[in-house]
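Report on the structure given below.
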């Protein structure tokens, strides 16, 4: 399949080049007349539906006459909604899922079914141990997926790359890049699932407060790669204001609002720092290697969150910061993407941004994904890996065609002021997600080191890391012993 696609695209490119050469020999009058029309044609980008249809045309139709059962988390956000819909619906996500599944049925003769379980990891382990083969796809959260992988319950995606275009837009490049252990990738994210999008960290900004304070346009800063921690601090420190009662609390106005959870760890990952990195397939604890940079980020967080009245951090009360942002009490607001749904009644217009770069030398934005999101994996005892891979790839393509546009549509329609820039920013956010094995395997315990230091306003990384490093090395060693047996 992949070879056919490559040949098809090569021929397409050759035809385009031939056409361009032929046009270059046209008379000057023709060139001038067609200039505007030609430029418009060249700049028009294909839609997701057009791209999907192009790749779907390379997958032969079939009538497999089978079900494809997906094991999902019961009642966790969109965990069930992202996989199955009983009927067509006026609700965009449900309708897109229904259309996707119906299209898959028409294309391959495959019917999607779903089994929700309170503990996906336990259900998957028991089923695979018994060789019952009840599930064709597993959608567990990050830690549970990691546990299944290290214990040999999952299939290597890279063994199926002949049947799956893992480097294309409907697959998350971050999982492919950051999660290849011993040269194998046991879990992915992509357009099939939206719960991973829901728990991706973003930065919201109040457009009214930007305009009222005559501040720089954040969207343009992002495009120019000038959206950095320093620029963020510069903007944050311009708007804080006491309501007149002589004390700063939840009734005042701040430059930055966030929570005491992932909002703290977020600054480490978006500064392109990890606790564990994989080199040539081998995970290695690298947090200590980043000591100087980590101390720099901790110092930054201290002055941002503790040394002035610039920020408000809610302690286990996410609804508090949400209400403050809706009430024009925060210029910037850090939360996960799904929280846009909770802002539907906000009167002031707002925009969506990635979290800032560490500095202008950082090549790409980095986006943190919370561990509660779903991840895509295949049971290790799957009967027909090649057929399963073809079904999953087709499932992903139809998700790219139907589900992803619907997700954007619903997310952005919740905003009072819809703008093309927010869609552009969400593209950047979802395409630059980063994954840390040291976070997925929470037993390693190093991501909490940074979070706790930020909460306490401390920069004493050396002492905190020293207390945890030996146990972290031991935990990683135990994990790798299991991987090495697979």
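The values are calculated or read from the model by the stated rules, or taken from the named source; none is laboratory data. Model, not experiment: these values are computed from the prediction. Quick reminder, even Gly has a Cβ in these numbers, built from the backbone with ideal geometry, and neighbours come from all protein chains shown.
Worth pointing out:
Residue-by-condition table, conditions (1) touching a helix residue (DSSP H, G or I) at 6+ places or on another chain (Cβ under 8 Å); (2) under 19 Å from residue 434 (Cβ atoms); (3) surrounded by 24 or more Cβ atoms within 10 Å (Cβ to Cβ); (4) assigned by TED's automatic domain parsing to the domain that holds residue 71:
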| position | (1), (2), (3), (4) |
| --- | --- |
| 118 | no, no, no, yes |
| 128 | no, no, no, yes |
| 143 | yes, yes, no, yes |
| 146 | yes, yes, yes, yes |
| 172 | yes, yes, yes, yes |
| 186 | yes, yes, yes, yes |
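- Residue 139 vs. criteria assigned to a strand (DSSP E or B) and surrounded by fewer than 22 Cβ atoms within 10 Å (Cβ to Cβ): no
- Check on residue 259, modelled with pLDDT of 95 or more, on the phi < 0 side of the Ramachandran plot, surrounded by 13 or more Cβ atoms within 10 Å (Cβ to Cβ) and touching a strand residue (DSSP E or B) at 6+ places or on another chain (Cβ under 7 Å): no
- Taking segment 307-362 as the region of interest, the strands (runs of 3 or more DSSP E) fully inside it that hold 3 or more residues being within 20 Å of residue 223 (Cβ to Cβ) are 350-353.
- Every listed requirement among (1) at pLDDT 95 or above; (2) touching a strand residue (DSSP E or B) at 6+ places or on another chain (Cβ under 7 Å) is met by residue 463 save one, (2).
- For segment 82-113, the candidate set comprises residues that are without any contact (Cβ under 8 Å) to a residue 24 or more places away in the chain and in a loop (DSSP other than H, G, I, E, B); within that set, the residue that is farthest from residue 139 (Cα to Cα) is 90.
- Residue list for segment 162-193, restricted to those being part of a strand (DSSP E or B) and over 13 Å from the mean Cα position of the chain (by Cα): 181, 184
- Residues in segment 281-306 that are in contact (Cβ under 8 Å) with a residue 24 or more places away in the chain and in a loop (DSSP other than H, G, I, E, B) were compared, and the one that is surrounded by the fewest Cβ atoms within 10 Å (Cβ to Cβ) is 281.
- Residue 433 being at pLDDT below 95 and within 29 Å of residue 354 (Cβ to Cβ): no
- Residue in segment 338-347 that is over 16 Å from residue 228 (Cα atoms), buried (at least 23 other Cβ atoms within 10 Å of the Cβ) and either touching a helix residue (DSSP H, G or I) at 6+ places or on another chain (Cβ under 9 Å) or touching a residue at least 60 places away in the same chain (Cβ under 8 Å) (or both) present: yes
- Complete set of residues in segment 367-416 that are part of a helix (DSSP H, G or I) and more than 23 Å from residue 55 (Cβ to Cβ): 410, 411, 412, 413
- Residue match in segment 154-161 (condition: crowded, with 23+ Cβ neighbours inside 10 Å, touching a strand residue (DSSP E or B) at 6+ places or on another chain (Cβ under 7 Å) and not in a loop (DSSP other than H, G, I, E, B)): yes
- Of the helices (runs of 4 or more DSSP H) lying entirely inside segment 194-249, those containing at least 3 residues that are without any contact (Cβ under 8 Å) to a residue 12 or more places away in the chain are 218-223.
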